[in-house]
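Working notes for the structure below.
The values are calculated or read from the model by the stated rules, or taken from the named source; none is laboratory data. Bear in mind the structure is a predicted one, so any value in this text is a computation, not a measurement. We place every Cβ from the backbone using ideal geometry, glycine too, and count neighbours over all the protein chains shown. For the accessible areas, the whole protein counts, side chains as well, though only heavy atoms, and no ligand, DNA or RNA atoms are used. Shrake-Rupley method; radii C 1.70, N 1.55, O 1.52, S 1.80 Å.
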Amino acid sequence: MAIISRGFAGRRSAAEAKLPPGQYLTTDFPVLSAGPTPHVSLDRWEFTIDDGSNVLKRWDWKSFRELLSESITVDIHCVTRWSKLGTSWEGVSLDVLLADVRTELPYAMFRSYGDYTTNLPLKDVMNKQAWIAFKFNGADLEPEHGGPARLLVPHLYLWKSAKWVKGMTLMPHDKPGFWESLGYHIYGDPWQEQRYSGE
Ligand SMILES: Nc1nc2c(c(=O)[nH]1)N[C@H]1C(S)=C(S)[C@@H](COP(=O)(O)O)O[C@H]1N2
Ligand SMILES: [Mo]
């Protein structure tokens with residue numbers, strides 16, 4: 001009896017060790033969107049990288065899907081306190097998209113269809129830390145979860161993972177995006193509990 005309860009406690013703490021402070025585990029996948037789901041047809045879809053004045057890179061759906069993609073298994077953490085462990089995605093890493101972009105600009109504003117924005121330091125989307133994901137659990141990403149494609153930046157709170165992403169604008173200085181302007185933390189590290197500005 002004692003052995004069984006120790007084993008159970010051991011398994012529980014293994015999962016809990018992966019939970020940032022103040023988070024709980026969920027197995028479902030809640031939908032959190034600030035507005036209606038934009039429906040983007042694949043023949044209109046594009047992803048661009050610009051520096052505020054010039055478009056540096058542009059992909060349509062066909063050329064985007066020809067890029068090297070990879071399978072990703074990551075834990076995700078929403079600021080509303082749910083976390084999901086071991087979620088499976090397929091996407092193109094930002095390293096691939098930024099491979100021949102030469103820039104000194106250290107920040108980026110990600111832009112979505114439907115006008116959502118979120119800011120990130122460029123170093124946080126490089127070195128296998130961020131992807132443009134187009135599949136979840138082996139199936140095309142559902143529109144409610146950001147399909148056809150969304151940003152995935154699992155080391156920060158999930159509001160940074162812009163659904164329906166359509167581009168990134170490189171910037172000389174950090175600047176708040178949609179939720180960051182409404183009081184969410186400018187950076188959003190779940191391990192530091194950076195939920196709101198001032199934390
Ligand atoms: N374009 C867009 N992206 C977004 C949001 C949004 O409202 N619009 N919400 C963010 C927030 S607050 C969260 S928690 C996650 C939720 O992703 P999900 O709906 O797939 O769970 O998407 C993020 N990306
Ligand atoms: Mo969120």
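Selection within the stretch 157-199: residues that are free of Cβ contacts under 8 Å to residues at least 60 places away in the same chain and among the aliphatic types (A, V, I, L, M). The member of this set that is farthest from ligand 1 (Cβ to nearest atom) is L182. Against the numbered list (1) touching a Pro at 6+ places or on another chain (Cβ under 9 Å); (2) within 16 Å of ligand 2 (Cβ to nearest atom), A130 comes up short only at (2).
Checking G188, G198 one by one, the residue that is out of contact with any Leu (no Cβ under 8 Å at 6 or more places or on another chain) and over 26 Å from V40 (Cα atoms) is G198 and no other. When the residues of the stretch 65-85 are filtered to those that are open to solvent by less than 40 Å² (accessible area, probe 1.4 Å) and among the small types (G, A, S), the one that is nearest to ligand 1 (Cβ to nearest atom) is S83. Figure legend. Inter-residue proximity from the stretch 24-35: first residues near ligand 1 (Cβ under 6 Å from one of its atoms), second residues of a type outside the set (S, T, N, Q), beta-carbon distance below 6 Å, spacing 6+ or different chains. Indicated pairs: V31/E144.
Within the stretch 104-148, which strands (runs of 3 or more DSSP E) (wholly inside it) include 1 or more residues that are in contact (Cβ under 8 Å) with a residue 60 or more places away in the chain, in contact with a Ser or Thr (Cβ under 9 Å, 6 or more places away or on another chain) and closer than 20 Å to K62 by Cβ? Spell out the reasoning first.
Details: elements: 107-112, 117-121, 131-136.
Per the criteria, 131-136.
Test K62 against the stated conditions and say whether it is open to solvent by 60 Å² or more (accessible area, probe 1.4 Å), away from ligand 1 (no atom under 16 Å from the Cβ) and at pLDDT 95 or above. Before the answer, list the steps.
Details: open to solvent by 60 Å² or more (accessible area, probe 1.4 Å): yes; away from ligand 1 (no atom under 16 Å from the Cβ): yes; at pLDDT 95 or above: yes.
For K62, the condition - open to solvent by 60 Å² or more (accessible area, probe 1.4 Å), away from ligand 1 (no atom under 16 Å from the Cβ) and at pLDDT 95 or above - is met.
Of all the criteria given as (1) within 30 Å of P21 (Cβ to Cβ); (2) open to solvent by 40 Å² or more (accessible area, probe 1.4 Å); (3) more than 16 Å from ligand 1 (Cβ to nearest atom), the one not satisfied by R102 is (1). Among the criteria (1) away from ligand 2 (no atom under 16 Å from the Cβ); (2) open to solvent by 60 Å² or more (accessible area, probe 1.4 Å); (3) not charged (D, E, K, R), the one W179 does not fulfil is (1). Taken as a whole, the condition of being in contact with a Phe, Trp or Tyr (Cβ under 8 Å, 6 or more places away or on another chain), within 12 Å of ligand 1 (Cβ to nearest atom) and open to solvent by 60 Å² or more (accessible area, probe 1.4 Å) does not apply to F136.
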